[in-house]
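Here it is, the structure in full.
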Amino acid sequence: MRSPARYFPVVFVALGILLSSVITIAQQNPRDEEGHAWWQHAVFYEVYPRSFADSNGDGIGDLRGITSKLDYLHKLGVDAIWITPCFPSPQVDFGYDVSDYENIDPMYGTLADYDRLVKEAHKRHIRVILDFVVNHTSDQHKWFLDSKSSRTSAHRDWYIWRDGKGPDDPPNNWVSIFAGPAWKFDPTTGQYYYHYFYPEQPDLNWRNPSVESAMFDVTRFWYKRGTAGFRLDAVDILFEDEQLHDNAFIAGTDKFGRPNMDEKYNRRLPEVHTELQRLRKVADEYDAVLIGETWTPDVNELKAYYGEHNNELQLPMDLLLTSLPLSPQVLRDHIAVVDAAGGWPTYVITNHDIIRSYTRYGDGTHNDDIAKMMAAFYLTLRGTPIMYYGEEIGMANNDPKTKDEVKDPIGKVNWPMEKGRDGERTPMQWTPGANAGFTTGTPWLPVPASAQTHNVETEERDEASILNFYKKLLELRKKEPALREGDYIALNTADSNVLSYLRRYKTETVLIAVNMSTQKQQPSFDLSAQKLQKPQARTLLQNGATVPAGAFKTIALEPHGVYIGKIR
Ligand code: NOJ
Ligand code: CA
């Protein structure tokens with residue numbers, strides 16, 4: 001038997017390596033005096049790679065295209081980009097059907113292009129986050145091809161296979177969120193497999209430890225390439241009831257006209273949280289951030305995703321915000337819950353699955369002012385914002401006009417009830433020229449006429465543009481510690497037209513007031529409860545707002561006007 005002393009040198013070397021890598025990570029990612037990590041100060045920006053910038057004229061955006069726009073993103077004030085899936089994929093769900101987790105789809109470039117993108121981004125202090133499609137793979141992934149080949153194949157249990165109840169009768173009544181049943185019969189082995197999304201997206205079986213370890217290794221593969229974290233796709237459906245109980249039907253119908261189902265047995269199972277804790281442990285080895293696609297029917301449920309000991313997701317996205325009306329009362333109540341959830345809030349007003357914020361909030365008359373107002377609101381809350389490409393120039397939805405034009409399968413299958421998500425995924429509008437400067441070829445989705453006015457080149461020249469408003473806002477976030485670190489204190493909580501609040505940090509106070517109504521408003525402020533007896537205001541940024549000279553008392557706000565000021 002070997003003596004334990006013989007292991008000492010090995011142990012010391014290993015400890016040395018571990019310590020030095022911990023020190024390197026700590027040096028790269030120092031915490032501020034509040035103990036806040038980089039992702040708590042960062043502004044994230046979602047890039048839909050198909051539509052951002054096309055470098056080779058095939059009409060589809062690519063990684064080199066993104067790299068060529070890093071200067072733009074840097075000047076805008078973005079600190080991290082999240083790239084939606086760019087891995088090899090048959091593109092049935094435009095990349096959310098991954099056939100190889102450890103490569104780049106040739107349509108987007110190569111691993112070398114990715115490495116260069118990360119390197120160039122880091123030069124500009126921009127981190128890169130990838131999209132991890134955890135719940136399902138493509139049906140063309142080699143794991144699934146093997147899994148379906150026979151009942152005894154090595155990967156059989158990597159997916160969820162079950163016998164039907166009888167001929168043409170699936171194992172239970174669960175439905176796919178995209179259309180039809182969630183089970184597909186496979187004649188080769190005479191069983192059904194489970195797919196929450198399209199049949200081409202079979203669900204992985206996360207109860208199988210081999211799946212877990214293979215997927216954890218995928219994250220390590222990307223962390224080692226300098227990837228700073230992941231946005232986790234569809235985390236709430238990682239697990240299903242093992243007994244496959246039928247779900248109950250509940251009142252009402254969904255957007256496809258199907259009876260609503262209480263997804264008690266295939267959504268938000270407690271096992272999700274255990275798994276997120278394990279995934280987080282791997283992320284912590286690399287000081288990486290995990291952002292969650294966390295749809296919750298009730299905002300109070302968001303709290304669970306941070307983990308009881310803040311050991312699950314650092315940034316569970318508040319996606320409910322995208323479905324709320326422009327009502328100060330509703331938004332105030334909502335923010336109060338998110339802000340009090342105990343974790344770091346993560347705000348989003350639009351993404352690649354939702355009608356663009358410009359269109360959703362716009363009233364047809366004040367659209368540009370409303371876009372600025374929404375930006376001033378969500379970019380000054382306590383927490384981390386995640387922008388969506390084109391939001392900063394006021395890009396509008398451009399929905400398909402006929403079924404033939406539709407590219408997104410959910411629009412094809414469910415037309416006309418559902419037009420699909422093409423409208424919010426159109427090419428980034430860089431110039432007023434041909435194809436908005438996105439490609440020299442034919443863009444994969446059409447560019448709307450509004451690109452003539454709402455594009456980067458034109459807006460950069462216009463001091464009053466939405467783009468310049470965003471730039472000033474992001475600059476302010478960097479300059480004002482109160483906007484990054486400060487507490488959120490709601491003001492005038494009975495006001496149903498103007499949403500106002502303070503951000504307070506040490507001796508710094510910033511007041512934000514946004515008029516959500518189409519009428520002029522003149523709110524008054526009594527800040528004595530905040531021990532600001534004779535306050536003075538200094539404007540930091542405004543749109544349609546004036547503050548009378550002298551002691552600060554009131555703000556005159558135009559319809560959808562915005563005021564951000566420092567109070568002393
Ligand atoms: C959520 C993604 O955001 C969406 O685009 C996709 O279709 C589904 N998850 C399935 O991966
Ligand atoms: Ca291309």
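No lab work stands behind these numbers, since they all come straight from the coordinates. A quick note: this is a predicted structure, and the numbers were derived from the prediction, not measured. Counting neighbours? That spans all protein chains shown, and the Cβs are built from the backbone with ideal geometry, glycine included.
Add -39500 (n - 2.57) for each DSSP H run of 4 or more in the chain, then divide by its residues: what number comes out at 222 nm, to the nearest 500 deg cm²/dmol?
Calculated mean residue ellipticity at 222 nm is -7500 deg cm²/dmol.
Considering only lysines 8 or more places apart in sequence, or on different chains, count the pairs in segment 487-567 whose C-alpha atoms sit under 18 Å apart.
Lysine pairs meeting the criterion: 8.
Further, regarding this structure: Nearest-5 percent of antiparallel DSSP beta bridges in the chain?
Just about 60 percent of them are antiparallel.
Taking the Cβ of each residue in Phe52, Phe256 as the centre, tally the other Cβ atoms inside 10 Å and list the residues starting with the fewest.
Result, fewest neighbours first: Phe256, Phe52.
Further, regarding this structure: State the Cα centre-to-centre distance between segment 77-91 and segment 94-162 in whole Å.
12 Å
If the only charges are +1 at each Lys and Arg Cβ and -1 at each Asp and Glu Cβ, what is the size of the charge dipole of the chain around the Cα centre, to the nearest 20 debye? Let's see the in-between values first.
Details: 62 positive and 77 negative charges, 368 e Å.
Around 1760 debye, computed over the chain.
Another question, then. Would you mind estimating how fast the chain diffuses translationally, via Stokes-Einstein at 10 °C and 1.306 mPa s with the Kirkwood radius over Cα pairs, in µm²/s? Kindly include the intermediate steps, with their values, before the conclusion.
Values: Rh = 25.3 Å.
Result for D is 63 µm²/s.
What does the highest-first list of 263-271, 393-401, 423-431 look like by mean Cβ count within 10 Å?
Put in order of decreasing packing, that is 423-431, 393-401, 263-271.
Please order Ser528, Ser99 by the number of other Cβ within 10 Å, starting at the fewest.
Ascending Cβ contact count within 10 Å gives the list Ser528, Ser99.
Dividing the convex hull volume of the alpha carbon atoms of segment 315-380 by its residue count, what do you get in Å³ per residue?
It comes to 84 Å³ per residue, whole-number rounded.
Could you list log10 I(q)/I(0) for segment 138-201 at q = 0.16, 0.18, 0.23 Å⁻¹, which the Debye formula gives when each Cα is one point scatterer?
-0.47, -0.60, -0.95
Starting from the Cα-Cα distance between His334 and Leu111, subtract it from 0.36 nm times their residue separation and give me the gain in nm to one decimal. Don't skip to the end; give the middle numbers.
Numbers: separation 223, 0.36 × 223 = 80.28 nm, distance 4.17 nm.
Contour length minus Cα-Cα distance gives 76.1 nm.
Under 19 Å from the 7 Å Cα→Cβ point of Ala490, by amide nitrogen: which residues of segment 522-554?
Zone members listed by number: 523-530.
Follow-up question, since we're still on this one. Just grab the label-to-label distance for Lys403 and Phe185, each label 7 Å out from Cα along the Cβ direction, in nm (one decimal).
2.6 nm
Report the label-to-label distance for Thr546 and Gln522 in nanometres (one decimal), using points 7 Å from each Cα along the Cα→Cβ vector.
1.1 nm
For His41, what is the net charge nearby, where nearby means another residue's Cβ is under 14 Å from its Cβ and Lys, Arg count +1, Asp, Glu -1?
+1
Using only the alpha carbons of segment 487-567, what is the convex hull's orientation-averaged projected area in square nanometres?
4.8 nm²
Expected output is a single nm value to one decimal: the length gained when fully extending between Asp157 and Thr431, i.e. 0.36 nm times separation in residues minus the C-alpha distance. What is it?
93.6 nm
Which log10 I(q)/I(0) values, to two decimals, does segment 169-299 give at q = 0.09, 0.19 Å⁻¹ under the Debye formula with one point per Cα?
Summing over Cα pairs of segment 169-299 leads to -0.32, -1.17.
Still on this structure, please answer the following. Anything in the chain that counts as a DSSP H helix reaching 15 Å or more along its axis (C-alpha) with Kyte-Doolittle mean of at least 1.0? List them, would you?
Helices meeting the criterion: 8-28.
Just to confirm my numbers, what's the Cα centroid distance between segment 300-330 and segment 29-63 in Å?
Here the answer is 21 Å between Cα centres.
Using per-residue counts of other Cβ atoms within 10 Å, averaged over each peptide, order 455-465, 74-84 from highest down.
74-84, 455-465
Between Thr539 and Thr274, what is the label-to-label distance in nm when each label sits 7 Å out along the Cα-to-Cβ direction?
Modelled inter-label distance: 5.8 nm.
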